[in-house]
Amino acid sequence: MAVVPMPSPLPVRDGVGPTRLRVPTAGPWTSIAEYVVERFDHLDPADLHRRFAAGDVVGADARPVGPTAALGSHEFIWYHREVPAEDPLPVREEIVHVSDDLVVIDKPHFLPTTPTGGFLRESALVRLRVRLDNPDLTPVHRLDRATAGLVMFSARPSTRGAYQTLFERREVAKVYEAVSTRPPGWDPSTPEISGRPVPLVHRDHLERLRGHRRVAVRPDLPPNTETLVDVLGAGRSAAGRPVLHTILRPPRTGRLHQLRVHLAALGIAILGDRRYPDLLPEIPDDHSLPLQLLANELAFTDPLSGEPRRFVTRLRLSEAPVYGDARSSGG
């Protein structure tokens, strides 16, 4: 069953939703404002007190939480974040489908699905809310910022749960593409990956670790992830790299970084991946070599109409083999 989110007493503003903060009911602070000042000690205390005095912080009833409001008077508070200046990202989302209930886009590499880190306005969610003048838009699943491809958004709250339930019940068929460095000795007549004939299924147990940039593989535990890997082709990319082009289907699982971890474990790490198999230093975005992973297809039975739906990306991976070129014979 889809979880119904707590309604916000504040509206979306310029595409950016308000922030909700849980407040402790007891502690050494004489007021909620004092707790917030200590919690966000990297911000100017005078400015935070000013925002409380100006009525910019509200409770669940939409009434201002004053500077002297005591702990225990509110379980949650809401406020709009101060929007920092952001340099526009040199990429643009493309709308694949739009209706009263559903919006589907092609998300480019480097654009986050939702606000994160230093990206607020420069996220697919905020851009779309402004572009379509719809503050109710909400993603029903997500793609990593580094991954390109299809993302679905609910367009109105009354039907949102129906689409969210599709993903919760694993009723959406997903297809991905990836490009890796071609393994040494690749023979297109007897295609094998890591000594295993393709198509193949890779399984393992992945565990997300709080505070870590990578997920951990736990060989001591039963598998909780599964990916079907097949080969689309091999050859050379437009940049001249010898590459292997794979198609990936995660039948029932879709854990964080699953495809990236699985291909790295098979010895065909995705081109442009700076986390797997090795964690490399963070650098500014390299638009000449984005992560070569693409959410290619989404298919499901529409929960409202009962009709089959299938969306296919219009994007292409920049390092895919140049098919039809003599260089892409697989040799």
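Here are the numbers:
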read-out: Residue tally, condition farther than 16 Å from A148 by Cβ and not small (G, A, S), over region 275-305; value: 15
read-out: Selection from region 207-233 of residues that are open to solvent by less than 10 Å² (accessible area, probe 1.4 Å) and touching a Lys or Arg at 6+ places or on another chain (Cβ under 6 Å); value: T225
read-out: From R160, R145, residue being among the charged types (D, E, K, R), crowded, with 18+ Cβ neighbours inside 10 Å and over 16 Å from the mean Cα position of the chain (by Cα); value: R160
read-out: Residue within region 68-89 that is basic (K, R) and over 17 Å from D14 (Cβ atoms) present; value: no
read-out: Matching strands (runs of 3 or more DSSP E) fully within region 238-331 where at least 1 residues are of a type in the set (D, E, K, R), modelled with pLDDT of 95 or more and open to solvent by less than 20 Å² (accessible area, probe 1.4 Å); value: none
read-out: Residue list for region 132-167, restricted to those being small (G, A, S) and in contact with a helix residue (DSSP H, G or I) (Cβ under 7 Å, 6 or more places away or on another chain); value: S154
read-out: Within region 115-142, tally of residues that are open to solvent by 30 Å² or more (accessible area, probe 1.4 Å), within 21 Å of D285 (Cβ to Cβ) and in contact (Cβ under 8 Å) with a residue 24 or more places away in the chain; value: 7
read-out: Sole exception among (1) farther than 24 Å from G161 by Cβ; (2) modelled with pLDDT under 95; (3) of a type in the set (S, T, Y); (4) open to solvent by less than 90 Å² (accessible area, probe 1.4 Å) for T19, by number; value: (1)
read-out: Whichever residue in region 77-91 is open to solvent by 60 Å² or more (accessible area, probe 1.4 Å) and within 21 Å of the chain's Cα centre (by Cα) and, among such residues, is farthest from K107 (Cα to Cα); value: D87
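The values are calculated or read from the model by the stated rules, or taken from the named source; none is laboratory data. All figures in this text were calculated on a predicted structure; none of them were measured in a lab. A quick note on method: Cβ atoms are made from the backbone with ideal geometry, for glycine too, and the neighbour counts reach across all protein chains shown. Protein only, heavy atoms only, side chains kept; ligands, DNA and RNA dropped before computing areas. Shrake-Rupley method; radii C 1.70, N 1.55, O 1.52, S 1.80 Å.
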